[in-house]
Amino acid sequence: MKVDITARHFTPSVQLKEMVYEKLKKIEKFNSGIISCRVVLTKNPNFEDVEIVVHGKGHHFVAHENLDNFEKSLIRAIDKVTIQVKKQHEKLLDH
């Protein structure tokens, strides 16, 4: 799976990038057809925003979250994308 990280208004630390890669690997176990992920990290004065777009075979999953730090935002966004991927996977199994 190809992961593309874009940071707006700041330079991401190595720890933040590693955390993004580590969390995204968990999504891949639910759907082996995931081709790539795009993560956009935006730092604003009042909040830190995470947008995740997952591209799979014939499907795109999007999650957007903004909280007071990147770790919380990333975890919530990963949870949202994971739910979407699981639902799509269950639909394939049911048919």
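What follows draws every value from the coordinates through simple rules; no lab data is involved. Quantities reported herein were computed from a predicted structural model and do not represent experimental measurements. Cβ: placed from backbone, ideal geometry, glycine included. Neighbour counts: every protein chain shown.
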Original post:
Pairing the Cα long axis of helix 14-28 with the longest principal axis of the chain, what angle in degrees results, from 0 to 90 and rounded to the nearest 10?
Top reply: 10
**OP:** Calculate how steeply helix 70-94 sits against the longest principal axis of the alpha-carbon atoms of the chain, using the helix alpha-carbon long axis, and give the answer as 0 to 90 degrees to the nearest 10.
**Re:** 10
Original post:
What number, rounded to the nearest 500 deg cm²/dmol, is the helix-based mean residue ellipticity at 222 nm of the chain, given -39500 (n - 2.57) per DSSP H run of at least four residues and division by all its residues?
Top reply: -14500 deg cm²/dmol
Original post:
With charges set only on the Cβ (+1 for Lys and Arg, -1 for Asp and Glu), what does the dipole of the chain come to about its Cα centre, in debye to the nearest 20?
Top reply: 260
**OP:** Find the Cα radius of gyration of the range 2-94, compare it with 2.2 N^0.38 Å by division, and give the number to two decimals.
**Re:** 1.07
Original post:
In the chain, what percentage of the DSSP-assigned beta bridges are antiparallel, given to the nearest 5?
Top reply: 70
